[in-house]
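Working notes for the structure below.
Quick note: the coordinates plus some simple rules give every number you see, no bench work behind them. As the structure is a prediction and not an experimental result, all values here were calculated from the model. So basically every Cβ, Gly included, is an ideal-geometry build from the backbone, and we count neighbours across all protein chains shown.
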Amino acid sequence: MSLVPARRRRYHASWSSSGENSMPTHDTPTRWLTVTVMVACGVVAALQVGKAAIAGPLLQADLGLNLDALGWLTGIFAVLGVLAGIPAGAMVTSAGSRRVLIAGLLALAAGSAMGAASPAYAWLLGSRVIEGAGFLCITVAAPSILQRDDVVRRRSRDAAFSLWSCFMPAGMAIAMLAGPAFNGWRSLWWTSSALALLAALAARLTVPADTTRAPWHGPALRRDAARVMTAGAPLLLAMGFALYSLMFFALFSFLPVLLIERMAVSLHTAGALSALACAANIVGNLAAGYLLSRGASRPMLLACAFTAMGAAAWGIFLPVLPDAAAFTLCIAFSAIGGVIPAALLSAAPSVAPAAGLAPIVLGLVMQGNNLGQIVGPVAVGSAINHYGWPAAALIVALAALLALVVSAALHRPACPASEAS
């Protein structure tokens, strides 16, 4: 006879597989046009991350920046996300996911325009903080829209979140591919601003208005945040996403520079190769949705993917392999790693202590994502400057080991706070 209570076994089964099997189905059809627009909004947000990476050589030439400065230009983008992920989730519950999404897109447009007009590096850094605020709003509000019953029916959630998780690699790949075609980095920034405005219009036209909103109340927010933090699984999700983000951006923030230095290719070629490696991540995103819908173990998928990324880093950053083999490992690093964000994001609603707390769980997960987005580029940029490219391999490998510990902790049955009380 099992010693684990039945309700804990149900929760553990929900986490370990698709997270939707125990939930009732709804007859409302999925709005796939809205899902597509959400992914497009995410892609526009991810463009703001990728543009800094591909514009790195241009910024070095124009503003005289070193790798430390480039790392901060990428990392500072996520500062607000580290501090304000949970408040952003609470803002979604009070102001509504649609309003927060559109506000985030407008912030992206304003920040990118400010960056394009920046006279100096300090102004450019400030504009990246504004862009980061928009990015945070989008990455919390869009998945909150996807978990609404009037947008995506429950049995389609894994597929919808699998598509959503493609936004980061798709946006970065587009930036890497299109970036070298622009006449300077400022024109790239202006174009990014215009795309954000177009995305805001598309969201305004396709996302249904929120039917329920909770008033903003400070004490209630603190109670909800504490409830999410003490539930256990949401915090582990955030830790897993932080480590994945650290590993991903440790490579892709500097991949164009690495390719130019190691393979002596042009910026256009480096952009095309970096775009290919970024796009490979989409394969893992989509594969995760398929595997989870077939009952694959979520913790096992995470453990395998983290192990593969940590192992590949040694062959990428250490000068021990031919150029072609090292780049092939970049593709494998990205493709296999793509399983991770899809597996983590689709689990967020199922581990929320209550249905209304799902946006706060997503906010916490995005705090983890943004923490890794800061630590990865800054730590690796500094390590490369002082110790060379091999130091980056050690950072990624250590992150992979920590991620395996998190995956093992997720595999243990745990009871949501709502059931424990």
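Worth a mention:
- Most tightly packed first, judged by the mean number of other beta-carbon atoms within 10 Å of their residues, the peptides 183-193, 140-150 read 140-150, 183-193.
- Of Pro322, Pro390, Pro208, the one that fluctuates the most in a GNM where the chain has Cα springs shorter than 10 Å: Pro322
- Sequence-distant residues sharing a close amide H with Thr30 (under 5 Å, placed H): Arg153
- In this structure, Asp68 and Thr328 have a Cβ-Cβ separation that, at R0 = 30 Å, corresponds to a calculated FRET efficiency of about 0.55.
- In the chain, the calculated helix contribution to ellipticity at 222 nm averages -26000 deg cm²/dmol per residue, counting -39,500 (n - 2.57) for every DSSP H run with n ≥ 4.
- Ordering of 119-127, 39-47 by burial proxy (mean other Cβ atoms within 10 Å per residue, highest first): 39-47, 119-127
- Identified option (computed Kirkwood radius over Cα pairs in Å; candidates (i) 23.2; (ii) 21.2; (iii) 22.1): (ii)
- Taking only alpha carbon atoms, the range 134-185 gives an Rg to Rh ratio of 1.15, where Rh is the Kirkwood radius.
- Note that the range 280-286 has calculated 3J(HN,Hα) couplings of 4, 4, 4, 4, x, 4, 6 Hz, one per residue in order, obtained from phi through the Karplus relation 6.51 cos²θ - 1.76 cosθ + 1.60 (θ = phi - 60°); glycine and proline are x.
- Shape box of the range 236-276 [Cα atoms, principal axes, largest first, Å]: 41, 16, 9
- Extents of the range 29-208, taken as max minus min of Cα coordinates on every principal axis and listed largest first, are 53, 31, 25 Å.
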